[in-house]
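In what follows, a single structure is set out as structure tokens and then discussed.
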Amino acid sequence: MACTAEGVAAALRAAAEVIAEHRTELVDLDRAIGDADHGENLSRGFTAIVSALETAVPETPAGVLKLAATTLISKVGGAAGPLYGTAFLRASAKVGDAAELDVPLLLDALRAALEGVQARGKAVGGDATMVDALIPAVSAAEGTADGTIAEVLTAAADGADRGAESTVDLIPRKGRASYLGERAVGHMDPGARSTALLLRAFAEAAR
Amino acid sequence: MKKIINDPAAVVAESLRGLAVAHADLLRVRDDPALVVRADAPVAGKVAVVSGGGSGHEPLHGGFVGPGMLDAAVPGPVFTSPTPDAVQGAIAATTGPAGALLIVKNYTGDVLNFETAAELAAAEDLDVRSVVIDDDVAVKDSTFTAGRRGVGGTVLLEKIAGAAAERGDSLGAVEALARKVIGQVRSIGVALSAPTVPHAGEPSFDLGPDEIEFGIGIHGEPGRERIPAEPADALVGRMVEAVVSDLPFESGDKVLLFTNSMGGTPQLELYLAHGIAERLLAERGILVERRLVGPYITSLEMQGISLTLLKLDDELTQLWDAPVRTPALRWGI
């Protein structure tokens with residue numbers, strides 16, 4: 001599928017389905033180390049994005065990404081709302097008024113999303129957060145820069161999966177999980193898992 | 001899960017509707033975004049005191065809206081911070097030229113969302129400042145954690161900042177007082193059982209029949225360590241030691257002692273614990289001059305208690321004693 005505004009909208013609809021399917025899994029991951037709301041909150045946000053897209057799909061990919069950002073910020077709450085909202089907002093700003101995303105623009109958008117999340121949440125790699133999924137996702141995407149959009153996103157999703165898996169062995173240093181310290185070891189970070197789920201949904205939608 | 005609810009997604013909205021009809025003389029509830037606002041807001045010439053956070057900690061925060069305490073409370077979904085547009089709505093409904101003080105508990109989501117709201121308000125030329133309370137001694141405060149959580153001290157902070165605003169202090173003065181309170185208030189909590197978040201439908205953590213979670217937060221997020229259940233003397237002793245040694249509180253200090261039920265602990269046990277805490281403080285020469293005992297910052301039906309100590313001086317005592325008229329705290333009016 002071409003990465004037009006409609007293509008990005010389709011990817012977000014696919015993401016909403018995936019998040020709804022995994023709502024309970026994300027709640028359970030969060031229950032182990034936090035407060036059991038991550039799946040609920042993201043599901044609420046993505047459902048709202050789908051509703052907003054039903055009213056009207058913005059004209060550019062950037063417009064769609066910005067709509068996703070503002071919806072997530074105003075509907076999700078918690079830490080996930082501002083963090084995912086910032087990721088989509090920075091990605092939107094990066095792609096400007098392009099009518100269609102190509103691979104270089106997609107890579108720029110992914111890098112901007114990562115930088116935005118790090119700036120807002122002040123987390124670095126190894127803190128056991130969504131950043132641990134985003135860093136390997138971006139670097140795997142950069143490694144396939146000569147591929148198609150679908151190949152780049154698949155590589156990103158693979159990288160994010162590995163990154164999410166790596167949080168199992170980490171001592172969390174940000175967010176509510178940090179209060180647990182060493183007792184959180186053995187649990188996957190829910191934000192890293194949802195990042196991997198979202199990138200996988202985008203990759204599948206791009207096929 | 002057995003709860004007196006309809007749809008888990010509608011719990012907060014339906015509860016707020018009840019709060020509104022029960023206390024129509026004190027507050028108004030607005031929908032989408034959800035806000036609890038003083039009935040007479042905005043109060044001309046007065047600094048607005050606004051707080052909020054996830055629901056499920058009742059009476060915090062909606063129960064503290066009224067003369068002498070909060071101008072507005074912003075309830076998020078259960079255990080989830082409200083969004084920036086909700087906080088901004090509360091600021092807009094209460095804030096005039098005197099400005100507003102936002103009282104934020106140190107949780108990543110609360111800090112991020114309130115920070116964003118303060119930026120939005122500043123863009124509209126409103127004088128808005130924030131203080132972040134972080135009184136939980138259970139959490140290691142270092143650059144490698146999110147820092148200490150804001151817990152029981154929040155109730156005392158909201159009362160004192162609210163009283164200062166009510167007597168006409170400037171925004172700078174209310175903020176300075178708030179920072180003073182944050183500097184000298186400390187808390188610790190324990191859990192005997194887990195809460196069940198309505199949308200999750202099962203307990204937030206598993207605790208054996210003979211286990212206590214020591215250093216629990218107000219969201220039922222697991223605490224610092226798990227210890228075997230022990231008699232109240234030993235448990236309260238452990239809690240008093242954790243709080244007193246942290247600031248530290250010293251012999252001759254005048255304090256307010258706040259013994260809080262996390263929601264599921266009955267008054268019988270709460271007063272029992274309070275009595276022990278007072279005795280242990282007296283043995284250390286710490287003078288309990290004011291008390292608050294009851295469920296004021298809760299974690300749904302979680303069994304457990306928290307102890308909060310605030311070091312008092314004449315001004316703080318006077319502000320604590322100042323009249324307050326809210327659904328959950330009421331004296332002097």
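Rule-based calculations on the coordinates, nothing more; no lab input. Note that this is a predicted model, so its numbers are computed, not measured. Cβ atoms come from the backbone with ideal geometry, glycine included; neighbour counts cover every protein chain shown.
With label points built 7 Å along Cα→Cβ from the Cα atoms of B:ASP31 and B:ARG129, find their separation and express it in nm.
Each label point is offset 7 Å from its Cα along the Cβ direction, giving 3.8 nm.
Restricting things to alpha carbons, find the Rg to Rh ratio for segment A:136-179 using the Kirkwood radius for Rh. Let's see the in-between values first.
Numbers: Rg = 13.4 Å, Rh = 11.4 Å.
Dividing the radius of gyration by the Kirkwood radius yields 1.17.
Would you kindly calculate the translational diffusion coefficient of segment A:1-104, applying Stokes-Einstein with the Kirkwood radius from alpha carbon pairs, for 4 °C and a viscosity of 1.567 mPa s, and quote it in µm² s⁻¹ without decimals?
Numbers: Rh = 13.9 Å.
This corresponds to a translational diffusion coefficient of 93 µm²/s.
For segment B:161-185 and segment A:93-144, what is the separation of their C-alpha centers, rounded to whole Å?
A separation of 42 Å, based on Cα centres.
Starting at the first residue of segment A:88-101, write each ³J(HN,Hα) from the Karplus equation 6.51 cos²θ - 1.76 cosθ + 1.60 with θ = phi - 60°, in whole Hz, x for Gly and Pro.
Running phi through 6.51 cos²θ - 1.76 cosθ + 1.60 with θ = phi - 60° gives 5, 5, 5, 4, 4, 4, 5, 7, x, 9, 4, 7, 8, 8 Hz.
Give, rounded to the nearest 20 debye, the magnitude of the charge dipole that chain B has about its Cα centre when Lys and Arg contribute +1 at Cβ and Asp and Glu contribute -1 at Cβ. Walk me through the intermediate numbers first.
Numbers: 28 positive and 45 negative charges, 101 e Å.
So the dipole magnitude of chain B works out to roughly 480 debye.
What is the distance, in nm, between label points placed 7 Å from the Cα along the Cα-to-Cβ direction at B:ILE333 and at A:ALA150?
6.5 nm
Report, to one decimal in Å, the Kirkwood hydrodynamic radius for segment B:1-152 based on all distinct Cα pairs.
Values: mean 1/r = 0.0635 Å⁻¹.
Computed over Cα pairs of segment B:1-152, the Kirkwood hydrodynamic radius comes out at 15.7 Å.
Charges only on Cβ, +1 for Lys and Arg, -1 for Asp and Glu: so what's the dipole of segment B:129-189 about the Cα centre, in debye to the nearest 20? Spell out each step's value before the answer.
Details: 9 positive and 8 negative charges, 21 e Å.
Taking the Cα centre of segment B:129-189 as origin, the dipole is about 100 debye.
Taking amide H atoms as placed 1.01 Å from N in the peptide plane, list the residues 5 or more away in sequence, or in a different chain, whose amide H sits under 5 Å from that of B:GLY76.
So B:GLY76 has HN proximity to B:GLY53, B:GLY54, B:SER55.
Within the protein assembly as shown, what is the number of lysine pairs with alpha carbons under 19 Å apart, leaving out pairs fewer than eight places apart on the same chain?
Lysine pairs meeting the criterion: 17.
Regarding segment B:81-188, what are the three Cα extents along the principal axes, ordered largest first, in Å?
For segment B:81-188, the Cα spread along each principal axis is 39, 29, 19 Å.
Debye calculation, C-alpha points only, no solvent: report log10 I(q)/I(0) for segment B:229-321 at q = 0.10 Å⁻¹, in the same order as the q values.
For segment B:229-321, the Cα-only Debye profile gives -0.25.
Given only helices, namely DSSP H runs of n ≥ 4 each adding -39500 (n - 2.57), what is the per-residue ellipticity at 222 nm of the protein assembly as shown, to the nearest 500 deg cm²/dmol? The partial results should precede the final answer.
Working: 17 runs with 248 residues, N = 540.
Theoretical 222 nm ellipticity from helices: -15000 deg cm²/dmol.
Can you grab the distance from the C-alpha centre of segment B:206-276 to the C-alpha centre of segment A:146-207, Å, no decimals?
37 Å
Which whole number gives the average count of other chain Cβ atoms within 10 Å of the Cβ atoms across peptide B:71-82? Write out the running numbers ahead of the final one.
Values: counts 0, 0, 0, 0, 0, 5, 8, 4, 9, 12, 8, 3.
So the per-residue partner count for this stretch is 4.
Under a Cβ-only charge scheme (Lys and Arg +1, Asp and Glu -1), can you give me the dipole magnitude of segment B:59-182 about the Cα centre, in debye to the nearest 20?
Values: 9 positive and 16 negative charges, 91 e Å.
The dipole of segment B:59-182 has a size of about 440 debye.
Based on the alpha carbon coordinates of chain B, what radius of gyration and maximum Cα-Cα distance (Dmax) apply, in Å?
Values for chain B (Cα only, Rg and Dmax): 18.8, 55 Å.
Can you give the translational diffusion coefficient of the protein assembly as shown in µm²/s, computed by Stokes-Einstein from the Kirkwood radius over Cα pairs at 10 °C and 1.306 mPa s?
D, rounded to a whole number, is 67 µm²/s.
Explain nothing, just compute: Karplus ³J(HN,Hα) = 6.51 cos²θ - 1.76 cosθ + 1.60, θ = phi - 60°, for every residue of segment A:146-153 in order, whole Hz, x for Gly and Pro.
Result, rounded to whole Hz: 8, x, 7, 4, 5, 5, 4, 5.
Taking the convex hull of the Cα atoms, report for chain A its projected area averaged over all directions, in nm². Mind showing how you got there, number by number?
On the way: hull surface 37.8 nm².
Averaged projected area of chain A's Cα convex hull equals 9.4 nm².
Want the number for B:GLU225 to B:ARG279: 0.36 nm per residue separation, take away the alpha-carbon distance, what's left?
Numbers: separation 54, 0.36 × 54 = 19.44 nm, distance 2.56 nm.
Length difference between fully extended and current span is 16.9 nm.
With each label point set 7 Å from Cα along the Cα-Cβ vector, what nm distance links A:THR47 and B:GLU241?
Taking the two extended label points, one gets 4.8 nm.
If you bin the C-alpha pair distances of segment B:40-118 every 10 Å from 0, what whole percents do you get?
Pairs per bin, as whole percents: 21, 54, 23, 1.
Working out 0.36 nm times the residue gap between B:VAL21 and B:ARG290, then minus their Cα-Cα distance, what length gain in nm do you get to one decimal?
On the way: separation 269, 0.36 × 269 = 96.84 nm, distance 3.19 nm.
Extending this stretch completely gives an extra 93.6 nm.
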